[in-house]
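Report on the structure given below.
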Amino acid sequence: MSSGQLTVFSMQDGNDYYLRAIVKITSSKWTLPVLHTLLNGTKRYHQINVALPDITQKVLTDMLRKLERYGFVKRTAYPTVPPKVEYSLTDLGESFATAFLPAVAWARSNLDELDKTEELYDLR
């Protein structure tokens, strides 16, 4: 195989480990929105919650902990009264989040078409 060729792994061969890892990370509908919000820089909890008004506080807290566990988010607590906590992307989190920017652009370009095909399907 030449160095310019793309290697494609067949899931039938059991080489779907990388795909399953991505699914595990993105299995929550809030993973990508939270990461996308943090792409714009360090945020406090309330700022993330305001940017994503449909997320509950419990789900946001759980999501931030999950992303911190994966090494995507850094939580910084300051010893102040009241406590101040900030969240930012790690280098790993930023590289993962930016890898999805082309998919976000694709969705933006094709959302009308997706809505139309879904509507046509539902009418059948």
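FYI, it's all coordinate maths here, none of it is from the lab. Quick caveat: nothing in here was measured; it's all calculated off a predicted structure. In this analysis, Cβ positions are derived from the backbone assuming ideal geometry, glycine residues included, and neighbour counts consider all displayed protein chains.
Before moving on, here are some points about what is shown:
- Per-pair calculated FRET efficiency, R0 = 25 Å: Val85 and Ala105 via Cβ, rounded to 0.05: 0.20
- The alpha-carbon positions of region 44-121 define a convex hull whose volume is 127 Å³ per residue.
- Formal net charge of residues neighbouring Glu68 (Cβ-Cβ distance under 11 Å; K, R +1; D, E -1): +4
- Fewest-first ranking of Thr80, Thr31, using other Cβ atoms within 10 Å as the exposure measure: Thr80, Thr31
- Our coupling estimate for region 112-119, obtained by passing each phi through the Karplus curve with A = 6.51, B = -1.76, C = 1.60 and θ = phi - 60°, is 4, 5, 4, 4, 5, 5, 5, 5 Hz, Gly and Pro reported as x.
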